[in-house]
Structures are given as C-alpha cells and as structure tokens.
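Below is one structure, written out as structure tokens; comments come after it.
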Amino acid sequence: MRIRGRRIVGGYAEGEALVSSASFSFYGGVDPETGIITEPGHPLEGESVAGRVFIFPHGRGSTVGCYIIYRMHRRGTAPAAVINLETETIIATGCAMAGIPLMDRLEENPLRLIRSGDYIVVNADEGYIEI
Amino acid sequence: MYLTRLEEEMLEGEMGEAVARAMSLLVALGEVFEAERLIEVESAHISGVSYKNLGEAGLEYLEEQAELGASVRIRATLNPAGMDLERWREMGVSPEFAEGQLRVIEAYRRMGVEATCTCTPYLIGHRPRAGSQIAWAESSAVAYVNSVLGARTNRETGPTALASAITGRAPLHGYRLEENRRPSIIVEVKTPLSSKFDYGALGYLIGEMAGRSVPYIRGLRGASIEQLKALSAAIATSGGVALYHIEGLTPEARRMSRHLEGLERIPVKPDSLGEVAERFQGAGEDAVICVGCPHCSLRELMEVARLLERRSGERLWAFTSRGVYMKAERLGIVKAIEEAGGRVYRDTCMVVAPLREMGWREVATNSFKAAHYLSSMGLTVQVAPLRELLGGGHED
C-alpha cells in the first residue's frame, strides 16, 4: 500500500515501524548512545528507535534536540527515517543536519494505519511511503 | 520551493559539502514553513555556543562542519559561551567543561565567525540596517533588532543561523514579510514606567499575554537603549514575541498604526508590574547578585560602579561583552567594581554558565529573563532592581 506525503528532508530508507501517539523530544527523551527511549512515562519507554521508521505526531522541547539527532546518526543509533503528522523546526533541523529522510502530512493518518513492527519503505525523494 | 540556479548548485554540492548541507537544512525549513523561495540575508548572529547546552553532540556537529571547510559568507557574530574564555578558573568552571567550550569557540573561529560571545552584538557595532534581511538567533536580540532597529528576521536557532551565515540565504516566511509584521494586539500601558526594571516587568507581562503575536504598545513616553534591551529580553522570554511596535518610538510604528482597527486591546494597570516581580522572591541573603542579562552596556556598568561607591560588591557578578569591557576598563570602571569586591566577566552570563555544576543554588538578579530561566533550572531566584538588591532605595 502506497501513501503520498510531503517531503521535508529527501532520501530513501526502509525498516520496521515504531509508532508513538505522543509527541517526542530527542533532548532528554532518548539515550543517544543506545537509541533507547528513556523519557519517564512515555508510551514507548524502553524501546529503541535505532534503525526504525519512527512515527510520531510532532516534536517538542529544546533546540538541543537537533544536535542529539545528529549525534545519534553518527553513533548509528538514529532512526532510519522519521514520519510526523506535522513537523516543526527542531525535528526538521535535526533530520536535515543528520540527513535522515523526513516526511509529514501523509494523505492518511499514519498513527491509525501503521503499527509498530510493520515493515515500511520511505521514499522521501519521491514523496511517498509503502507499508 | 523555488531555488535559483546558484542555489540549486549550492544544494547539489558544487560549492562543497558544507554548503550543500547548510542549504539542505534551509530548504527543509522552507518546506516546513511553506516558503515560496529563499532570500539573501546580510548578517547572522549565531546561538548554540555554551558547552552546557551543546554538549558533546553539538561540539561534534560544529567540528565536523569546520572540518568540511564550512565558511561564512556574511558577517556573523556569536552568542555568549558558558564561561569567560580567560578567567574561567576563577569563575569555578571545571577544566573538562573549559576544554569542551574552547573547542566550540575554535570550531566557530575556523568557520570565520567573530567570537564576540555576546547576546548584545547591536551594542558593539553589529547593527543591522532598517529593512535589511538578516538571520539572527538569540531571542532577546531578535526582538531588539526587529522592533527597535526595524531589521527583518525570524527567531532563528543556532543551526539555522549558521546555515544562513554559510549560504547567505534564509527561507522567506514569517517576520521577513511585511504582512506578518502588522500588529495583532494593542497593549495600553496605563501606568508611568520609571526604571529599566519596570520595562523588564512590562515585557514579561506583555509576553505572557501576547504569546506569539505582534504587540502594538501605547502609553510609553520614550525609552533608553537599556530599557528597550530589558523589554526585548523579557517579552521574548515569557512569550514567543519576536517583534513589537511602540507608538511614537520604534521605526515601523507609524506605518503600522494604519492596521489597528478591530484589534483586541489589553490594558496594563498600575498594580500589574509589581505583581510580576513578586513571582520571583525566593532567594535569601546568600544569593549571588547577577547583572548583565542581556549583557551590560557601558552605562549599566557605570551605574554598578556608582552604586558600589558606598556598598560592598562581594557576591556581585556583572556580565558584559568584550567590546564594552574594553571601554569600561579604560575608564577605570572595571577596577572600581572589582576593588569593591565585585566581578566583571566577559563572554558569558548567568543563564548559560554551568551555575549548578559550579555549586550555585541561589541567585538575585535585576533581569526577568534570567529569573525565568534560572528558576526553570531549579535555582532559587529573586528579581528586584539592582539598587534594592544591593540594599535599599530605587533605581534610576
């Protein structure tokens, strides 16, 4: 199944989905050395974002989050791709700094359609994903 | 988003990897904000300098950019670091922190950024022209140059301001466009303001009410640079205000007065200013008194020196830029403050220095911005006019 969306940062990636209904801050929300979500009370606490297609509504929190995304990319603990409902500055900046494909505004709500563990292809260059 | 041929080439790497990466960042943000195109910018002010905020991750990013040969194409200055670059030991900063901090500064220097390390570049000769497109980070400086100087910038972040400095471009959206500079709320000040402290309180109050709108402020009789500096810092802290207009004072106010019809009016009553200050009344006698958020002007350092003529300055730390420090030193002001027991540090301030790691728990300050952030970092804070902090009386 193919769904079109808006490309924010181009690129191609594939991997298992990790879906969060809660917004996310990379600063304080994740251990950059392991990629494991550490934010207390987050629905995905203890899960790893490394190599996953990480799907969440939108980012929040400090600008420092941009550098964290970049650092995770260097360590190999970053998500393979990110999909938001509506991207904001911090996630866009971080993904662009790290070269991680980023899309938002899909034609269908990915939070309803996709479950953690589904295999996803993200072709941000062409502006679509495949489940 | 439309790109010129030159911008396409930049994006495709024909001017090197560093330019391509910077361009890709700006294009991504342009997509987010639905900008039609990029615009040329003529100056940048870059935040993301203190090692306390950047950490290893930020340092790694900056060093890689420098390694890739990134180099600024326009004038670019730097926000405060986490320590005085020379007197850090005396401040109580650890050698590990200092090492990271000095590497950050070195990376920026390699890219051609002026290591001004100040939040008030407009006080030391980096003053954008009215109407010019610029890319500035540092919320207090953004509010000041947009509102008081009439330059045009959004609230940039460290990475976006650096990308703009490297490419000379920024996405055209937000406060870069005339229609978004129009007022969206009217603030009627119904009480006379007497001091810089009052302007800070007013800014903090308006920021809370205005959120991210553009306030048109009425009822002020005039204001000094220092008062506008305090207002700009506070209004950008409690809200996300990046631009305000003051009737009869700021350069765009007259033009904007044509767009006031139908706007909500919010009165500021005499009691409200005092009530704002009462929110930060925790610190006791042992608090370190910090001034210089935003960085002290020469006039403010003179005021500090004058107040210390008859009082001890033990426990008083003043923060300023190198540019102002040099003038103050020539005039004997630094010596006067330090002989009274105070300290004058450059390149840093109480908000971005690692105060908690340095063992600090209590701070007293005349800055609403500093009070807000230090309080959110878990320190106990008191805010009051400087003269009161030093013991009695009112500030000029």
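Quick notes on this structure:
- Pairing residues of region B:29-42 that are aromatic (Phe, Trp, Tyr) with residues that are buried (at least 23 other Cβ atoms within 10 Å of the Cβ), at Cβ distances under 9 Å and at least 6 apart in sequence or on separate chains, gives B:33/B:154; B:33/B:171.
- For region B:361-389, the set of residues classified as part of a loop (DSSP other than H, G, I, E, B) and in contact with a helix residue (DSSP H, G or I) (Cβ under 6 Å, 6 or more places away or on another chain) consists of B:366, B:385, listed by residue number.
- From the options A:76, A:61, residue that is open to solvent by 40 Å² or more (accessible area, probe 1.4 Å), more than 9 Å from every other protein chain (Cβ to nearest Cβ) and touching a helix residue (DSSP H, G or I) at 6+ places or on another chain (Cβ under 8 Å): A:61
- Condition met for residue B:218 (without any contact (Cβ under 8 Å) to a residue 12 or more places away in the chain and either assigned by TED's automatic domain parsing to the domain that holds residue B:139 or of a type outside the set (Asp, Glu) (or both)): no
Residue-by-condition table, conditions (1) farther than 29 Å from residue A:126 by Cβ; (2) crowded, with 22+ Cβ neighbours inside 10 Å:
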| site | (1), (2) |
| --- | --- |
| A:13 | no, no |
| A:23 | no, no |
| A:33 | yes, no |
| A:40 | yes, no |
| A:52 | no, yes |
| A:56 | no, yes |
| A:65 | no, yes |
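- Filtering region B:130-148 to residues that are touching a Ser or Thr at 6+ places or on another chain (Cβ under 9 Å) and in a loop (DSSP other than H, G, I, E, B) leaves B:132, B:134, B:137, B:138, B:148.
- Check on residue B:122, within 21 Å of residue A:66 (Cα to Cα), in contact with a Leu (Cβ under 8 Å, 6 or more places away or on another chain) and aromatic (Phe, Trp, Tyr): no
Per-residue answers, yes or no, for (1) within 24 Å of residue B:121 (Cα to Cα); (2) open to solvent by 30 Å² or more (accessible area, probe 1.4 Å):
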position: B:284; (1), (2): no, yes
position: B:297; (1), (2): yes, no
position: B:317; (1), (2): yes, yes
position: B:331; (1), (2): yes, yes
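- Test: residue in region B:333-355 that is of a type in the set (Asp, Glu) and closer than 22 Å to residue B:115 by Cβ: yes
- For first residues located in region B:271-284 and over 24 Å from residue B:192 (Cβ atoms), partners that are open to solvent by less than 50 Å² (accessible area, probe 1.4 Å) and among the hydrophobic types (A, V, I, L, M, F, W, C) and lie 6+ apart or on another chain with Cβ distances below 8 Å form the pairs B:282/B:381; B:283/B:363; B:283/B:364; B:283/B:381.
- Residue pairs whose Cβ atoms lie under 6 Å apart, sitting 6 or more positions apart in sequence or on different chains, and linking a residue in region A:117-129 that is surrounded by fewer than 17 Cβ atoms within 10 Å (Cβ to Cβ) to a partner that is assigned to a loop (DSSP other than H, G, I, E, B), are A:118/A:131; A:125/A:10.
- Count of region B:274-327 residues, restricted to those that are in a helix (DSSP H, G or I) and either under 19 Å from residue B:232 (Cβ atoms) or not hydroxyl-bearing (Ser, Thr, Tyr) (or both), is 19.
- Criterion applied to B:176, B:212, B:182 was being in contact (Cβ under 8 Å) with a residue 12 or more places away in the chain and more than 22 Å from the chain's Cα centre (by Cα), and the one residue passing it is B:182.
The values are calculated or read from the model by the stated rules, or taken from the named source; none is laboratory data. Worth saying up front: this structure is predicted, and the values here are computed from it rather than measured. Heads up, the Cβs are rebuilt from the backbone with ideal geometry, glycines too, and the neighbour counts pull from every protein chain shown. To get the accessible areas, we keep the full protein, side chains included, count just its heavy atoms, and leave off ligands, DNA and RNA. Shrake-Rupley method; radii C 1.70, N 1.55, O 1.52, S 1.80 Å.
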